[in-house]
């Protein structure tokens, strides 16, 4: 970045911080939904620029954090089968399943064929290159990555691939935001919504959320100036008592979203109730394969139990409070294990694993002791 | 000769002799070296530096370098960080059965070229072959001897509060080149590894009479790990300014795409220079040509040995070394 541009951004961020301080007349508790935003806030120390009464709590928008443990356990079980190539996104490989310390990197070390993909479509080449093996893609993520999984399955079907399946754990963000607002003791007074989900889904479902719950929502991106501008807009809406939806990320997010991606989702997936790790069952919180694509369901192919049952509680012996953190009820440093028993090398809970997780963000970007 | 490495190439028989005489001879400045078990060295008077390192990297060839050049330059750079002119290197090659001979030839030529670039000679070596599946193509271990040219010891324990921190060039390029190659990201234009000999840059400073307290090359773990190691070894606090850190635009963009930061990414041709305050301007002037910069200063360790980073927004955070494996993020 050029020095001139950097100085322009610095000036803009400082100006937004000053406006925020002048606008906020009382304390507000705001949640940024997306883990990418959490990381941006801590990475750039934006929380240090906010007026004292403005409290940010960190939302569940970290896909690897909310993937149910039993889905990871299913992946671990498949990964060690000699005929299986288990593939997924990079930061999925270190997430513990139901038992702390059991993750896909461990399965790889134990001899399992675990491969890292940067695009789901790479699974097609794998399946074609190894016709005698079974390629299983652990498909995680929000509406941002779900269309890519849908595209993978459409292509796999067109090619007639019989050795490729998906272990599906895609989740939908808007229903989880609604669920958080309905929790007793909810503290969230306004949301920063995730811009990249908005780019795919558009803003209609967030509009419904705003109308139903009368909570302002501002859609934004991940750059420091985007986050600061959206916080200012959110505080302006709260101070004025106007709970409306605002799009502060117009350069990326259109009201109608990405039609092609939505059509793919509709072709391949149906909306279902889904357990989120840390949050429990979320009504309409996930996807299943429609009948025409059910042959690609790894749970059916390998006769594994469905994860529709309620998720088991975190092991009693673990001091990890990741559930409370994912619900925005606690901050990572509130956890007795944070930074001692639980570190990115030996994570007890998923939020310490992912580059999107709140615990990892607090650990990596810690504020120096004065 | 078959076109790939066979177990018999390490068996001590005729195939091994052929391998050494035909393929590996190019490593040695003096071909007579291959004929004996040990090298006899004439060394200059004065203190010597001695260092060893093992090299494993995938892919074996990457944009801007390969495991061969890395194995020569990496050890030569470790010697340079002790203020020593690299003189001689030993090379142990561990080959996996099935390694294409054409690839081995390219790597050998690359090692020989790197040795010339570092102005050192490879004087002794060893070759072993292991069964297919027991190694990752080729592993290389090099050990090197250098003649120390620095008038005072260059060592972390020489670092004092008030000292100034300088960086010799841009960050993260080797790491991005490897990650892009490993994950099949076709960056346009490609990001090339920064792998390069450091002794010439160190020699210029020593010859100019710059007083140097410490040097540290950035390898695995990048600037983040190098600074943390220095802070701990010297029991000081290091304060750096993020806006001063040189990062090329393609590196910054790739990091953003994969969810990485440039600071913990590997370099193979960059180093940190720690100088007393009065030497800062002179050291900085010498760095300007290579794209280097002043990045921060050394403070007393009032809250323990740590590295603090001030962002371009004036906020502050603690810089931690890389933890765990670098894994690209999901979205």
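Read-outs: derived from the displayed coordinates by stated rules, not from any lab. This structure is a prediction, so every number in the text was calculated from the model and none was measured. Cβ placement follows ideal geometry from the backbone for every residue including glycine, while neighbour counts extend to all protein chains displayed.
Points to keep in mind about this one:
- For the segment A:357-370, counting C-beta atoms of other chains within 10 Å of every residue's C-beta and taking the mean gives 3.
- The relative contact order of chain A, computed from alpha carbon pairs under 8 Å that lie at least 6 residues apart in sequence, is 22 percent.
- Computed [θ] at 222 nm, deg cm²/dmol, chain B (DSSP H ≥ 4; -39,500 (n - 2.57); rounded to nearest 500): -8000 deg cm²/dmol
- Mean residue ellipticity (222 nm) of chain A, computed from DSSP H runs ≥ 4 via -39,500 (n - 2.57), nearest 500: -11000 deg cm²/dmol
- Estimated FRET transfer efficiency (residue B:208, residue B:186; beta-carbon r; R0 45 Å; 0.05): 0.60
- Summarising the label geometry, the points placed 7 Å from Cα in the beta-carbon direction at residue B:105 and residue B:302 lie 6.4 nm from one another.
- C-alpha long axis of helix A:3-23 to longest principal axis of chain A, angle in °: 70 degrees
- Inter-part distance where segment B:106-178 and segment B:257-274 are each reduced to a Cα centre, Å: 16 Å
- Neighbouring Cβ atoms from other chains, within 10 Å of the Cβ of residues in A:38-46, number 3 on average.
- Three-way shape call for segment A:132-287 based on the alpha-carbon gyration tensor, with the a/c threshold at 1.5: prolate
- Cβ crowding within 10 Å averaged over residues, with B:266-274, A:50-58, B:45-53, A:37-45 ranked highest first: B:266-274, A:37-45, A:50-58, B:45-53
- Between residue A:187 and residue A:25, full extension at 0.36 nm per residue minus the direct alpha carbon distance yields a gain of 56.5 nm.
- Segment A:2-77-segment A:96-149 distance, computed between alpha-carbon centres (Å): 29 Å
- Net length gained if the chain between residue A:154 and residue A:300 were fully extended (0.36 nm per residue, minus Cα distance): 50.7 nm
- Within the protein assembly as shown, DSSP assigns beta bridges of which about 50% are antiparallel (rounded to the nearest 5).
- Largest first and in whole Å, the equivalent-ellipsoid semi-axes of chain B read 36, 25, 15, each the square root of five times a Cα gyration tensor eigenvalue.
- Label-point separation, residue A:283 to residue B:253 (7 Å along Cα→Cβ), nm: 4.6 nm
- Modelled label reach - residue B:134, point 7 Å along Cα→Cβ, segment B:96-122 residues with backbone N closer than 15 Å: B:96-99
- Gain on full extension, evaluated as 0.36 nm per residue between residue B:152 and residue B:289 minus their Cα-Cα distance, stands at 46.8 nm.
- Nearest-ten-degree value, helix A:146-159 long axis tilted from longest Cα axis of chain A: 20 degrees
- Counting only alpha carbon atoms, the long axis of helix B:222-234 and the longest principal axis of chain B meet at about 70°.
- Candidates B:137, B:68, B:98: whichever shows maximal mean-square fluctuation once chain B is modelled as a Gaussian network with Cα springs under 10 Å: B:98
- The listed peptides A:261-268, B:36-43, A:125-132, ordered by packing as a protection proxy, come out as A:261-268, A:125-132, B:36-43 (highest mean of other Cβ atoms within 10 Å first).
- Partner chain coverage, peptide A:7-13 - average Cβ within 10 angstrom: 2
- Three-way shape call for the protein assembly as shown based on the alpha-carbon gyration tensor, with the a/c threshold at 1.5: oblate
- Between segment A:229-280 and segment B:1-28, the Cα center-to-center distance that results, in Å: 63 Å
- Tensor-based shape of segment A:1-151 (alpha-carbon gyration tensor, a/c under 1.5 rounded, otherwise prolate or oblate): prolate
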